[in-house]
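The values are calculated or read from the model by the stated rules, or taken from the named source; none is laboratory data. Bear in mind that the values here come from a model prediction, so they are computed numbers and not experimental data. Here the Cβ is made from the backbone with ideal geometry for all residues, glycine too, and neighbour counts use every protein chain on show.
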Amino acid sequence: MTIDKNVSATLSSGSIAVWRVRSRASRPRLRLQEAIAGLTEERANRRCRFGWGEASYLELLLYSLRHIQHHVGQLNLVIRQMTGSAPRWVALG
């Protein structure tokens with residue numbers, strides 16, 4: 001994977017604040033927690049239809065969780081490529 005020059009410049013200039021990254025990362029996590037907390041069997045099994053096919057609401061939640069983790073991995077890759085190290089696993093609650 002190559003790093004976009006604009007991303008490299010932004011990270012190396014220090015213009016991305018740690019608080020901003022944490023803030024953006026916490027929103028999807030909170031939304032997922034709320035969705036899971038309010039999950040009923042009926043809602044979990046509800047079918048959601050899209051142009052590409054259909055899936056249950058629960059399947060979409062799991063897909064979203066994997067998708068978020070994929071982007072976390074990409075972010076760790078960029079950080080490691082730029083700094084030579086990357087954050088270790090951090091448990092948040």
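Side notes on the structure shown:
- Every pair of residues 6+ apart whose Cβ atoms lie under 7 Å, when the first sits in the stretch 49-78 and is in contact (Cβ under 8 Å) with a residue 12 or more places away in the chain and within 18 Å of R29 (Cβ to Cβ) while the second is assigned to a helix (DSSP H, G or I) and β-branched (V, I, T): L61/I36
- Restricting the stretch 60-89 to residues that are of a type in the set (G, A, S) and surrounded by 13 or more Cβ atoms within 10 Å (Cβ to Cβ), the residue that is modelled with the highest pLDDT: S64
- Subset of the stretch 31-59 (residues that are surrounded by 10 or more Cβ atoms within 10 Å (Cβ to Cβ), modelled with pLDDT under 90 and not charged (D, E, K, R)): L32, Q33, A35, I36
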